[in-house]
1. May I ask you to say which residue of 85, 95, 147 is of a type outside the set (Gly, Ala, Ser) and over 32 Å from the mean Cα position of the chain (by Cα)?
2. How many of the residues in the range 420-429 are more than 25 Å from residue 275 (Cα to Cα) and either modelled with pLDDT under 90 or crowded, with 21+ Cβ neighbours inside 10 Å (or both)?
3. Quick check on residue 200: is it part of a loop (DSSP other than H, G, I, E, B), open to solvent by 30 Å² or more (accessible area, probe 1.4 Å), β-branched (Val, Ile, Thr) and closer than 26 Å to residue 2 by Cα?
4. Of the residues 150, 120, which is in a strand (DSSP E or B) and surrounded by 14 or more Cβ atoms within 10 Å (Cβ to Cβ)?
5. Hey, among the residues in the range 78-100 that are closer than 21 Å to residue 23 by Cα and among the hydroxyl-bearing types (Ser, Thr, Tyr), which one's surrounded by the fewest Cβ atoms within 10 Å (Cβ to Cβ)?
6. Can you work out which of the residues in the range 156-181 that are outside any strand (DSSP E or B) and either touching a residue at least 40 places away in the same chain (Cβ under 8 Å) or in contact with a Phe, Trp or Tyr (Cβ under 6 Å, 6 or more places away or on another chain) (or both) is most open to solvent (accessible area, probe 1.4 Å)?
7. If we scan the range 215-235, do we find a residue that is open to solvent by less than 20 Å² (accessible area, probe 1.4 Å), charged (D, E, K, R) and modelled with pLDDT of 90 or more?
8. Quick one: how many residues across the range 127-146 are surrounded by 14 or more Cβ atoms within 10 Å (Cβ to Cβ) and either among the hydrophobic types (A, V, I, L, M, F, W, C) or more than 18 Å from residue 173 (Cβ to Cβ) (or both)?
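The values are calculated or read from the model by the stated rules, or taken from the named source; none is laboratory data. Remember, predicted model here, so these are calculated numbers, not experimental data. Here the Cβ positions follow ideal geometry from the backbone for every residue, glycine too, while neighbour counts run over all protein chains shown. To get the accessible areas, we keep the full protein, side chains included, count just its heavy atoms, and leave off ligands, DNA and RNA. Shrake-Rupley method; radii C 1.70, N 1.55, O 1.52, S 1.80 Å.
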Amino acid sequence: MPYLDLSNYEHEPIAFLKTPKGDMPIFKRNITIGRDSSNDIVLENVWVSRKHCQILYNREKHKFQLRDIGNESKGSTYGTYVDGKFIKNSLIDLKSPSIISIKNNEQNQIELVFIPVFGALVELPTSQIFKIPLSPQIIVGKEGNIKPTANNLVSRNHLLISFNFSEGHYVVRDVSTNGTLVNNTPIEKNKDFRLIDNTILSLAPQTGSSIFEFKHITDIQVSQEKKQGKKDNRWLYTQHSIDELSKSDKITKRSDGRYYYEGRPLIHRDSPIDGGVYLVANTGEAVVVDSIKYPEIKKVYEIAKKNALSPAFFSFNKKITEEKILKAVYKTVSKIMGYHLDDVEEIIKRLNVENNGKIALDVFIEKRIGVCRQQALLCGVLIELFIKENFLHGKISVDRNMLALGGHAWARYTSPSNEIWILDVAQHYFGLLKDAQGQGRWAYDRPEEAQF
């Protein structure tokens, strides 16, 4: 039974999924798999439905399950196989491990392997291993779920161990008479204490009667290589479009050093936004952002400015700060432009702009819909307008990358004091980059060598 070391994770994975892009840690209780970039796991194959299936953890049944989704009434187009069993528009329990197959024939198929992560207590010196599931609460003691071999002075219910879903890690609580040491330090009774790998638990320590080591384990080996640390391809989103369109002479590079698409400069990391065009990495629409030619951006800007400068918007503190303006932008865009993937796709198809056809951001504003890229562009251009009017003095960028989780875009503002703010309407995050890093959120950190 392989051991993992998850000590460096702020939030611990509850499972891993072996995918064509590598072993991916899963942190959420509900993830989606499909062809569309909004999924947690993106499989870019034509026989995969846009929303194909989801993996979820049922806390009432204490089981991981897979649901074939696709169309709500019909399920995915080709269905899903779990350990060889075909399911369509239904739910099935997952084992440890489970093989998930998506295919339309034997030649065209993708195989994923689902591997849950368990906490474990290794009893010393017997080396007996006790699995600790995510829930329910496990009791260690003479009458508990885990009964120590040497139990002199160990209470009937000595320790409570559970997984804290909101914090994303295992915790232990001492409820005993004779106490517990964690790494030779007494822990406070009736108070949760985080467990990390290689923690030593000594029960009733005055006699040294029972000692355990806490570990993480899986039933088969997984790779813990951190994909986020890899240099490049995940950040070369715009470069992929440039390479493809350059073959057809639709992209040109001018003397100012910028790339142009049909007369408009490309929007990419740290580039100007207003007046530019934003390309999707794969086949998709080209979004034109132009507050001078089209009226809707300016209308939204006036709403955001009114919110930012309104004393009532920020209660008793009437001082206008960077944070207040950025927050006003985030809230305004959240209200103006809801996340509606199906509606966005319908507009793109109806207007025949699927193959890098230009479409104004104003179209999405008027319809009050968008996905992460439209939301990020609107946040970005509004902040750029605040900068032009000298309300803000930092730098704005529309950033994006592609992980095993899929592709995603957001707005990034760097203040004159080098504080970095993230505005991610699609994933409901507004705050400092450093705070996002401790919350298990999207990998917003960017390698400095990535230009696009």
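1. Criteria check complete, one pass: 147.
2. Total meeting the criteria: 1.
3. no
4. Answer to the selection: 120.
5. It comes out as 96.
6. Here the answer is 167.
7. No - not one qualifying residue is present in the range 215-235.
8. Counting residues in the range 127-146 that are surrounded by 14 or more Cβ atoms within 10 Å (Cβ to Cβ) and either among the hydrophobic types (A, V, I, L, M, F, W, C) or more than 18 Å from residue 173 (Cβ to Cβ) (or both) gives 9.
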